[in-house]
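J.: If you scroll down you'll find the structure; I have some questions about it.
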Amino acid sequence: MARARAAAAAPHPSLSGLSAGTLTRLGKLGIARRFDLVLHLPLRYDDETSICPIADAQPGQELLVQGTVTDCDIKYRPKRQLVCRISDGSGELTLRFLNFYGSQVKTLAPGNMVRVFGSVRLGHFGAEMVHPRYRVVVADAPVAQVLTPIYPTTAGMGQDSLRRLIARALDSESLAETLPSSLLESLGLPSFEAAVRLLHNPPPDIAQAALQGRVHPAWRRMKFDELLAQQLSMRVHYRRRRAAGAAVLKARGKLVNALLQRLPFQLTRAQNTVLAQIREDIGEAHPMQRLLQGDVGSGKTVVAALAALQCVENGYQAAVMAPTEILAEQHYRKFTEWLAPLNVRVAWIAGGVKKSDKKQWLSEIERGDAQIVVGTHALFEEEVVFKNLGLAVIDEQHRFGVHQRLALRAKGSNKSGQKDRQPHQLMMSATPIPRTLAMSYYADLDVSVIDELPPGRTPVVTKLVAEERRDEVIQRVRDACVDGRQAYWVCPLIEESETLQLQTALDTHAHLQQTFPELRVGLVHGRLKSAEKQQVMTAFKNGEVQLLVATTVIEVGVDVPNASLMVIEHAERMGLSQMHQLRGRVGRGAAESTCVLLYQGKLTPNARERLKVIYEHTDGFEIARHDLNLRGPGELLGARQSGVPMLRFADLALDLDLLDAARDAAEMLLRDEPDAAKAHLARWLGGRNEYLKV
Ligand code: ADP
Ligand code: MG
């Protein structure tokens, strides 16, 4: 007791005094400090607050009964088991144990009074319980006053030990209120202490359905607190980064206007809107942290190029990074095509660049002669030194990890000697994210959305075709290519083995080339040397190759408007967003485009659902919403979330109102009640920066 009190006085008492094994097991449950035990909430409850007469026990019910053992035997029908009968005068009940210890035979000796909790079912000999929880009692031993919490646990950590640890934490930890009462009143939420005590030890007369469905006000308080902690930590982080210095990249207009005039198209309304947001942001002395979302084909690249030009107009360098060499290469070409006529020098850095060329580029970058640098992750290698990096554009940002983005940001303070100066950051993503997720996981970013496609696109027609009809599909591909159009043939994703995937691509290519002697069939996959990749892509772009067999490396960004047919093999193996990205490679020109999803074998319910969603929807946001429901937020967000625990209590599909409230409350607290904000963060994060990201 003395130790508990001493520990409680410290700000974040550790779990001292427990064995190493216990600490490890608690660690697995995400419990690192004593307060985490308070936040370890029950999954469900057993009602052991009243004893049910055996005669009233209905099959399917979980309940507590009490009776005298009349009979206890080891039986061998159908296999070795301990079978025990108890009676309470009103009726008889069989207890059945398939695994048991010798000691159990003793405690269940005839004549003993036992109290048993379990689920009733109808056996051959009437009502029975299999593996009930039981203990020997005296007849009038008191029953529990509260429902019995059942906690999420892990091997080696029994409910009883966990309950004891949690009960002790509830005694020793401060459960004082962190939030202003006016806020709680306006949201109709109970105090923290009341909520926590109720959830750990609910009274027997509570509305169990509300507890189980996690809609009880006590649950809503915990969810709100969790969301608030997340919002607070992300806003704090946002402000901290925002406080750094950055190059002031004013809108001057000369180069930007020159490119706008040269483009063969007009920007869409949505492109103009986001461009204005970006141009204003980078004109400030603080680093922009903006996520540009836009569905596949919405025209993000040109927006990035225009932003980069504003940077160049101010005498600073811009970097553009893409996750694959194919995509980076394509950007390099596009940028060169657009910008060389404006006398803007674009450099190219990727793994496949020749040594001597690379040396040349590196020195141009360091001198500042190269004004825009396009590349892959090779961009943030140490040897790449910018003279004055003003803007970093990261395409398909969800494909990069946190550390990679950090490394590029660090390039901003390289040469100038101004340590706290950071480049403006523009992150782009074609993985549309439902509003709830954006509000939650991107609360540390400003978000711009391109919500329309350029005019003149005809929607892609999607067809689901069983593998048995492969021949028809092959015929279709031939017709399209002979007609002067082009097609992609995407090989199946084989997650278990890259070698196998490569082999499949090689086989498919050989087979299709044989089937179509009159066509040129190209092949592109992840293992090709970059020069080879480039050769194939260029030939496809120029129409010399009519059919391109590809692995999923073409998933992101590739832009060949004349390609109007895509076949995806084993579509049932692919994720929704991946299929959406792949399908976005066609439908970029004026011709009507088709995407054929070949599927094979019996579909799992999940695969069937995915194919249905992709068949029925073309809007990326709608698809992402379904994806969220099918996969949950963790997988949907990809690399960004690595190492970041997901929300434990709040459910973004259900608790939108709480998320809205938490976001408003976070702003209010940071502005008016900084101490409350601090106390709340300390309680929920305990000094760990769980929700902080770059
Ligand atoms: P994404 O947003 O998927 O990266 P891209 O930037 O690759 O899309 O653009 C897709 C295609 O649309 C490109 O060929 C691009 O040149 C073209 N494009 C971009 N903006 C417009 C526009 N406003 N009008 C017509 N075509 C456009
Ligand atoms: Mg793109």
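The values are calculated or read from the model by the stated rules, or taken from the named source; none is laboratory data. Given the structure is predicted, the values throughout are model-derived calculations rather than measurements. Heads up, the Cβs are rebuilt from the backbone with ideal geometry, glycines too, and the neighbour counts pull from every protein chain shown. Areas reflect the complete protein model, heavy atoms only, side chains present, ligands, DNA and RNA absent. Shrake-Rupley method; radii C 1.70, N 1.55, O 1.52, S 1.80 Å.
J.: Starting from residues that are touching a residue at least 40 places away in the same chain (Cβ under 8 Å) and small (Gly, Ala, Ser), keep the ones in the range 581-630 and report whichever is farthest from VAL449 (Cα to Cα). Quick ask: steps written out before the conclusion?
T.: Pass one, the range 581-630, residues touching a residue at least 40 places away in the same chain (Cβ under 8 Å): 581-588, 590-601, 611, 614-615, 618-621, 623-628, 630.
From what is left, the residues that are small (Gly, Ala, Ser) are 584, 587, 590-591, 593, 601, 620, 624.
Details: GLY584: 18, GLY587: 21, ALA590: 24, ALA591: 27, SER593: 25, GLY601: 39, GLY620: 12, ALA624: 15 Å.
Only one residue tops the list, namely GLY601.
J.: If you don't mind, another one. Quickly run through the range 280-299 and pick out the residues that are under 30 Å from GLY456 (Cα atoms), open to solvent by less than 20 Å² (accessible area, probe 1.4 Å) and not in a loop (DSSP other than H, G, I, E, B).
T.: Within the range 280-299, LEU291, LEU292, GLN293, GLY294 meet the criteria.
J.: Kindly check whether there is at least one residue in the range 86-99 that is small (Gly, Ala, Ser) and under 45 Å from the mean Cα position of the chain (by Cα). Show your work before the answer.
T.: First pass over the range 86-99, keeping only residues small (Gly, Ala, Ser): 87, 89-91.
Now narrow it down to the ones that are under 45 Å from the mean Cα position of the chain (by Cα): none.
Within the range 86-99, none of the residues are small (Gly, Ala, Ser) and under 45 Å from the mean Cα position of the chain (by Cα).
J.: Could you go through the range 327-345 and let me know if any residue there is basic (Lys, Arg), within 16 Å of ligand 1 (Cβ to nearest atom), within 32 Å of the chain's Cα centre (by Cα) and more than 26 Å from THR538 (Cβ to Cβ). Lay out the reasoning, then the answer.
T.: So the first thing to find is which residues in the range 327-345 are basic (Lys, Arg), and the list is 333-334, 345.
Right, trim to within 16 Å of ligand 1 (Cβ to nearest atom) and you get 333-334.
In the following step, the residues that additionally are within 32 Å of the chain's Cα centre (by Cα) were identified as 334.
Restricting the remaining residues to those that are more than 26 Å from THR538 (Cβ to Cβ) gives none.
Checked against the condition, which is being basic (Lys, Arg), within 16 Å of ligand 1 (Cβ to nearest atom), within 32 Å of the chain's Cα centre (by Cα) and more than 26 Å from THR538 (Cβ to Cβ), the range 327-345 yields no hits at all.
J.: Pick from the range 558-576 the residues that are crowded, with 24+ Cβ neighbours inside 10 Å and within 16 Å of ligand 2 (Cβ to nearest atom): which of them is farthest from ARG457 (Cα to Cα)?
T.: Filtering first and then ranking leaves VAL558.
J.: Does LEU445 count as modelled with pLDDT of 75 or more, out of contact with any Pro (no Cβ under 6 Å at 6 or more places or on another chain), in the same structural domain as TYR316 (by TED's automatic domain parsing) and within 16 Å of ligand 2 (Cβ to nearest atom)?
T.: On the way: modelled with pLDDT of 75 or more: yes; out of contact with any Pro (no Cβ under 6 Å at 6 or more places or on another chain): yes; in the same structural domain as TYR316 (by TED's automatic domain parsing): yes; within 16 Å of ligand 2 (Cβ to nearest atom): no.
So LEU445 fails the test.
J.: Could you check the range 9-95 for strands (runs of 3 or more DSSP E) lying wholly inside it with 1 or more residues that are touching a helix residue (DSSP H, G or I) at 6+ places or on another chain (Cβ under 7 Å) and among the charged types (D, E, K, R)?
T.: Values: elements: 44-46, 62-75, 81-87.
Answer list for the range 9-95: 44-46.
J.: Next question. Only one of these is surrounded by fewer than 20 Cβ atoms within 10 Å (Cβ to Cβ), more than 30 Å from PHE400 (Cα to Cα) and touching a Gly at 6+ places or on another chain (Cβ under 8 Å): GLU467, GLU472. Name it.
T.: Result: GLU467 is the single residue among GLU467, GLU472 that is surrounded by fewer than 20 Cβ atoms within 10 Å (Cβ to Cβ), more than 30 Å from PHE400 (Cα to Cα) and touching a Gly at 6+ places or on another chain (Cβ under 8 Å).
J.: Every residue in the range 313-327 that is more than 16 Å from PHE386 (Cβ to Cβ) and either more than 16 Å from ligand 2 (Cβ to nearest atom) or at pLDDT 90 or above (or both), please.
T.: We begin by selecting, within the range 313-327, every residue more than 16 Å from PHE386 (Cβ to Cβ); these are 313, 322-327.
Passing the criteria: GLU313, ALA322.
J.: Can you confirm whether the range 594-601 contains a residue that is among the aliphatic types (A, V, I, L, M) and open to solvent by 10 Å² or more (accessible area, probe 1.4 Å)?
T.: no
J.: Are there any pairs with C-beta distances below 8 angstrom linking a residue in the range 521-547 that is assigned by TED's automatic domain parsing to the domain that holds GLN501 and among the small types (Gly, Ala, Ser) to a residue that is open to solvent by 70 Å² or more (accessible area, probe 1.4 Å) and not in a helix (DSSP H, G or I), with the two at least 6 apart or on different chains, and if so which?
T.: ALA539/ARG520; GLY543/ASN562
J.: Consider VAL248 carefully, then state whether it is closer than 30 Å to GLU48 by Cβ and not charged (D, E, K, R).
T.: Numbers: closer than 30 Å to GLU48 by Cβ: no; not charged (D, E, K, R): yes.
No, not satisfied.
J.: Specify the residue that is farthest from PRO455 (Cα to Cα); the eligible residues are those in the range 266-279 that are within 16 Å of ligand 2 (Cβ to nearest atom) and either in a helix (DSSP H, G or I) or not polar (S, T, N, Q) (or both).
T.: In this case the residue turns out to be ILE278.
J.: Being within 16 Å of ligand 1 (Cβ to nearest atom) and not charged (D, E, K, R) is the filter here, so list the residues in the range 449-476 that pass it. Show your work before the answer.
T.: Let us first name the residues in the range 449-476 that are within 16 Å of ligand 1 (Cβ to nearest atom), namely 449-460.
Hits for the range 449-476 are VAL449, ILE450, LEU453, PRO454, PRO455, GLY456, THR458, PRO459, VAL460.
J.: Condition first: open to solvent by less than 20 Å² (accessible area, probe 1.4 Å), farther than 25 Å from GLU467 by Cα and either not aromatic (Phe, Trp, Tyr) or not assigned by TED's automatic domain parsing to the domain that holds ALA350 (or both). Can you find one or more residues in the range 483-502 that meet it?
T.: no
J.: Here are some conditions: (1) open to solvent by 10 Å² or more (accessible area, probe 1.4 Å); (2) part of a helix (DSSP H, G or I); (3) at pLDDT below 90. ARG608 meets all but one. Which one does it not meet?
T.: Only one criterion in (1) open to solvent by 10 Å² or more (accessible area, probe 1.4 Å); (2) part of a helix (DSSP H, G or I); (3) at pLDDT below 90 is unmet by ARG608, namely (3).
J.: Still on this structure: Name every residue in the range 361-389 that is over 19 Å from GLU325 (Cβ atoms) and either open to solvent by less than 80 Å² (accessible area, probe 1.4 Å) or not charged (D, E, K, R) (or both), in order of residue number. Don't jump to the end; show me each part of the working.
T.: Filtering the range 361-389 down to residues over 19 Å from GLU325 (Cβ atoms) leaves 363-364, 366-369, 371, 382, 385-389.
If the condition is that a residue be over 19 Å from GLU325 (Cβ atoms) and either open to solvent by less than 80 Å² (accessible area, probe 1.4 Å) or not charged (D, E, K, R) (or both), then SER363, GLU364, GLU366, GLY368, ASP369, GLN371, VAL385, PHE386, ASN388, LEU389 are the ones that fit.
J.: Can you tell me which residues in the range 98-137 are under 18 Å from VAL65 (Cβ atoms) and out of contact with any strand residue (DSSP E or B) (no Cβ under 7 Å at 6 or more places or on another chain)?
T.: Correct list: LEU122 only.
J.: Right, something else. So is ALA176 of a type in the set (Gly, Ala, Ser), at negative phi and assigned to a helix (DSSP H, G or I) or not?
T.: Values: of a type in the set (Gly, Ala, Ser): yes; at negative phi: yes; assigned to a helix (DSSP H, G or I): no.
Considered against the rule, which asks whether it is of a type in the set (Gly, Ala, Ser), at negative phi and assigned to a helix (DSSP H, G or I), ALA176 comes out as no.
J.: Any chance you could count how many residues in the range 242-260 are of a type in the set (A, V, I, L, M) and loosely packed, with under 13 Cβ neighbours inside 10 Å? Let's see the steps before the verdict.
T.: Residues of the range 242-260 of a type in the set (A, V, I, L, M): 243-244, 246-249, 251, 255-256, 258-260.
Pick out the ones that are also loosely packed, with under 13 Cβ neighbours inside 10 Å and you get 243.
Qualifying residue count for the region: 1.
J.: Scanning the range 422-448 for residues that are more than 16 Å from ligand 1 (Cβ to nearest atom) and among the hydroxyl-bearing types (Ser, Thr, Tyr), which turns out farthest from LEU389 (Cα to Cα)?
T.: Ranking the candidates gives THR436 first.
J.: Within the range 537-557, count every residue that is open to solvent by less than 30 Å² (accessible area, probe 1.4 Å) and either within 15 Å of ligand 1 (Cβ to nearest atom) or among the hydrophobic types (A, V, I, L, M, F, W, C) (or both).
T.: Within the range 537-557, residues that are open to solvent by less than 30 Å² (accessible area, probe 1.4 Å) and either within 15 Å of ligand 1 (Cβ to nearest atom) or among the hydrophobic types (A, V, I, L, M, F, W, C) (or both) number 12.
J.: Here are some residues: ILE349, ILE365. Which one is in contact with a Leu (Cβ under 7 Å, 6 or more places away or on another chain) and either at pLDDT 85 or above or more than 16 Å from ligand 2 (Cβ to nearest atom) (or both)?
T.: From the options ILE349, ILE365, the qualifying one is ILE349.
J.: What number of residues within the range 368-388 satisfy the criterion of being in contact with a Pro (Cβ under 9 Å, 6 or more places away or on another chain) and either within 16 Å of ligand 2 (Cβ to nearest atom) or at pLDDT 95 or above (or both)?
T.: Counting residues in the range 368-388 that are in contact with a Pro (Cβ under 9 Å, 6 or more places away or on another chain) and either within 16 Å of ligand 2 (Cβ to nearest atom) or at pLDDT 95 or above (or both) gives 1.
J.: Exactly one of these conditions fails for ASP56: (1) closer than 24 Å to PRO204 by Cβ; (2) in contact with a Phe, Trp or Tyr (Cβ under 8 Å, 6 or more places away or on another chain); (3) outside the structural domain of GLY27 (by TED's automatic domain parsing). Give me its number.
T.: Among (1) closer than 24 Å to PRO204 by Cβ; (2) in contact with a Phe, Trp or Tyr (Cβ under 8 Å, 6 or more places away or on another chain); (3) outside the structural domain of GLY27 (by TED's automatic domain parsing), the lone unmet condition for ASP56 is (2).
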